[in-house]
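Okay, structure first, notes after.
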Amino acid sequence: MEFITDYRVERYALDTKWQDLPEKVQEWAKMCGIDLMSALVLGSYGRQFAAGTKLAQTVGLSGEIPVVGDEQTYNLLGAAIAMGHSSNSFDIDDGFRMIQGHPGTSFVGGVLAAALEKGVTCREYLTTLVVCYELSIRWAFAMQDHYKYLHSTGAYGAYGTAAGVGRLLGLDEKQLNTALSIADFHAPMTPVMRAVEFPSMNKDGVPFGALVGTMAVLETLSGSTGKTHLLEMPEYGKFLDDLGEKFHILDLYFKPYTCCRWAHQPILGIQKLMAQHHFTNDDVEHVKVNTFLSAARLSKIQPSSTDEAQYNIAWPVASALVYGDVGYAQVREEALGNPVVLEAMKKLEFAVDPELDKLFPAQRLANVEITLTDGTVLKSETYEAPGECDDPELGLEWIMAKFKRVTASMLDSADQDAFMHFLTEDLDAPVADMVAKINASLKKNL
């Protein structure tokens, strides 16, 4: 096995500057910064975040770094652990089709912790996010080819976190190469399809990716050594040939609903039909969802936890039928015994459409057929989920509207606007001011 250490990855990670990024990439970085805060805010209300903060406190990782949604402060590793437990907790974070996972959530916990420790500006934070997206996605391509198995978000999160934390902590090329090697070697396995079929907090493995990536940098600074990472293998050099020229961040999708992306298409189909034909759940006799195999494999059980509600296709689709939307209120654990939604689940049928399945994962498509109690049959168009990279409505305004909608119960409108100002206009402000604004504004008793 041959490896070539030419420091292409490391130079890109350390030398990228905001002013050198294309204007559209800068806009997408702002979108990602806002969207990832949506995930951190919602996640701070979940049991997984409570477990993460308890873990950090139990093992003595207190310090001076604030985290989103908590009054306690932590050291670098503790803050990365805490926010690594919240960022993917409600499955509202960005994704990338061809690696079948969620790059942003995989590294934001460690990167934001390091940004707060070093006192950097919002501009430097956003620049680091771009670096992490580009390297995480490229490493994911290499990893999935090398191991011939769908390791998901937490795996490439380790690598991306090490890149971002290493940049912010001022590692040199050789040190960062070591950190990336350690992260690559110890990245969690994250067998994602098992989590799809048996939902739990294991989910996408994000907390352990954040932990491993941050630890890789701390190990390096403590004198540990490591050699080789997958992007140094000659056969994967092709993924670096366009580094700094092609930006995978522009190919991200963004999620309007708090559930697995594979359930978003039928939710949209239901919303469109309800808007067009003005019926309610009470008017519905039966719903048939025609989708692709991986979506049909999602759990259909009555959920007993928020993770079971998110990695589920029946609960979110039934919630859309009842409420017209799927957000925090529909997947929080207090909502899961709702008898109206449980009855709506009994109306659902899921079928694999071979033609739609052939297009997966490049396209994730579905349609719905709704039979009303009066015998009327309504069929939706075949939809991709909203917020795909080629969605003509996607842009900064779309993301800002999403942030306002999904955090409406947690933040007043003026506070939402004040936060978004940091990542759209006031880029010279310290990241610490942005997080302080969020924490001072959050309503913790919903």
For segment 263-276, Karplus-derived ³J(HN,Hα) couplings (6.51, -1.76, 1.60; θ = phi - 60°; whole Hz; x for glycine and proline) come out as 9, 6, 5, x, 4, 4, x, 5, 4, 5, 5, 5, 5, 6
Where Rh is the Kirkwood radius over the Cα pairs of segment 8-251, the temperature 20 °C and the viscosity 1.002 mPa s, what D in µm²/s does Stokes-Einstein return? 124
What lysines could a cross-link reach from K288, if we take a straight Cα to Cα line under 16 Å and drop same-chain neighbours fewer than 8 places away? K272, K300, K346, K347, K379
For segment 83-165, which trypsin sites (Lys or Arg not before Pro) are both in a DSSP coil and crowded by at most 12 other Cβ atoms within 10 Å? K148
Taking amide hydrogens as modeled 1.01 Å from N in the peptide plane, which residues meet the under 5 Å criterion relative to F350, leaving out close sequence neighbours? V289
Using only helices, what value at 222 nm comes out for the chain when you add -39,500 (n - 2.57) per DSSP H run of length 4 or more and divide by the total residues, to the nearest 500 deg cm²/dmol? -15500 deg cm²/dmol
May I ask you to order 151-157, 366-372, 191-197, 264-270 by the average number of other C-beta atoms within 10 Å around their residues, highest value first? 151-157, 264-270, 366-372, 191-197
Does segment 258-409 come out rounded, prolate or oblate by the C-alpha gyration tensor, with a ≥ b ≥ c the root eigenvalues, rounded set by a/c under 1.5 and, if not, prolate when a/b is larger than b/c and oblate if not? rounded
Mean-square fluctuation check for the chain, GNM, Cα pairs under 10 Å: which of W18, W315, W262 is largest? W18
Among rounded, prolate and oblate, which fits segment 340-424 when a ≥ b ≥ c are the square roots of the eigenvalues of its C-alpha gyration tensor, a/c under 1.5 means rounded, and a/b larger than b/c means prolate? oblate
Estimated inter-spin distance, E393 and K358, nm [label 7 Å along Cα→Cβ]: 3.0
Efficiency by 1/(1 + (r/R0)^6): what FRET value for L221 and D6, r their Cβ-Cβ distance, R0 = 22 Å, to the nearest 0.05? 0.40
Label point 7 Å out from Q19 along Cα-to-Cβ: which residues of segment 104-134 have amide N under 15 Å? 123-124
Mind checking the alpha-carbon convex hull of the chain and giving the volume per residue in Å³? 130
Could you please state, rounded to a whole Å, how far the C-alpha centre of segment 285-313 is from the C-alpha centre of segment 141-176? 31
Treating only the Cβ of Lys, Arg, Asp and Glu as charged (+1, +1, -1, -1), what charge dipole size does the chain show about its Cα centre? Round to the nearest 20 debye. 860
Name the residues of segment 321-360 whose amide N is less than 20 Å from a point 7 angstrom out from the Cα of D282 along the C-beta direction? 321-325, 338-348
Net charge, T424 excluded, C-beta distance under 11 Å - Lys, Arg +1, Asp, Glu -1: -4
Sequence-distant residues sharing a close amide H with E388 (under 5 Å, placed H): F254
Computed ³J(HN,Hα) along segment 229-241: with the Karplus parameters 6.51/-1.76/1.60, θ = phi - 60°, integer Hz and x for glycine or proline, the list is 9, 4, 6, 8, 6, x, 5, 10, x, 4, 6, 9, 4
Pairs of Cα atoms under 8 Å, at least six residues apart: use those to get the relative contact order of segment 274-329, whole percent. 26
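Coordinate-derived values only; no laboratory data. All values derive from a computational prediction rather than experimental measurement. Positions of Cβ are generated from backbone atoms using ideal geometry, with glycine treated the same way; all protein chains shown enter the neighbour counts.
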